[in-house]
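Read through the structure below, which is laid out as structure tokens, and then see the notes.
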Amino acid sequence: MTGLSGRSGRRLRLAALAWLSMVGAVGAADQLPLPPLAPLEGGTYRARDLQSGEPLWEERWTLKQEARGARSVVHLEEQGQGIRDRTMPTRWTLTMTIDLWGPAPRVSSTKEVWDLAGQPVAVEERTLEYGSGTGSLRIRDPRTGEATSRAFRVTTETVTPEFLPAMLRLLPATPDQQMQLDLVTHSGSVLGLQARIVGQERVEVPAGTYDCFKVELVPTGITGLLARVLLPKLFMWHAVAAPHIWIKFQGPAAGVGSPEIVRELTEFQATANPAG
């Protein structure tokens, strides 16, 4: 693997060794960690306003592992509808490929957004290249052809919002049950986060009742200092039982001024040996 040395390389090796020891696998110590996932997972979430209880959006997702030689590639698909990133209701589809164990570790995604009349609103393309340490976000308006691009630095701690819940499944096996992450927001800016398990709670959501790890996400750095003042606290709950699926989120819907929301698991399935 190229482009990773010194301090970044040490973080990478430690994270990989923690993951390898957790699953009992044997592999090269320079591989990026892959969260504990069933071969095929799927389910639905719904989000509501914390204060009013008003429904905001619903989303269906699937995670599937594909074997490519000696490594696993994870494919994520999301389909949702409601009021989320925009003031008007929309529907969207996101496809993401997570390939961390190959010679060129990368995460790439495409999100397409339409209004409820079926007219295209936006196409968002995001790429994280862990080998070269570079990332890019490109947002295009299909109606006008106008596009904006943004580049950002990528480290072994960089994740996207869609990838974050999966990476937090590694927390129970990390030293002190905490980790430092760099979250690439939907606008392409990077927000440092310290994620740590602060306790265990029994959580009831539409999908059922789960014993959960309560995870606090604390913004770090200069931007994080401002965020801690202006934003409510962020919490996520993950099941204590492996593979530690994401059960619930509570925090701001987006940036400053956005409503505080609760996002809950409404359905979940996992298959040990998917057909095909």
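By count of other Cβ within 10 Å, fewest leading, how are Ile245, Ile98 ordered?
The fewest-first ordering by Cβ neighbours comes to Ile245, Ile98.
Got a sec? How would Arg140, Arg86, Arg263 order by Cβ neighbour count within 10 Å, fewest to most?
Lowest to highest Cβ neighbour count: Arg86, Arg140, Arg263.
In nm, to one decimal, how far is the modelled label at Arg153 from the one at Glu125, with both set 7 Å along Cα→Cβ?
So the label points at Arg153 and Glu125 sit 2.6 nm apart.
Using each residue's phi in segment 177-182, evaluate 6.51 cos²θ - 1.76 cosθ + 1.60 at θ = phi - 60° and report the 3J(HN,Hα) Karplus result to the nearest Hz, with x for Gly and Pro.
6, 8, 8, 9, 10, 10
Pull out the extension gain between Gln79 and Ala104, defined as 0.36 nm times the separation in residues minus the alpha carbon to alpha carbon distance; nm, one decimal.
6.2 nm
May I ask for the net charge around Arg140, where only other residues with Cβ less than 13 Å from the Cβ of Arg140 are counted and Lys, Arg are +1 while Asp, Glu are -1?
Every neighbour counted, the sum reads 0.
What FRET efficiency comes out for the pair Ala270/Thr144, r = Cβ-Cβ distance, R0 = 35 Å, nearest 0.05?
0.25
Laboratory data are not the source of any read-out in this text; all were calculated from the coordinates shown. Because the structure is a prediction, the values reported are computed rather than measured. Glycine gets a Cβ as well: all are built from the backbone with ideal geometry, and neighbour counts include every protein chain shown.
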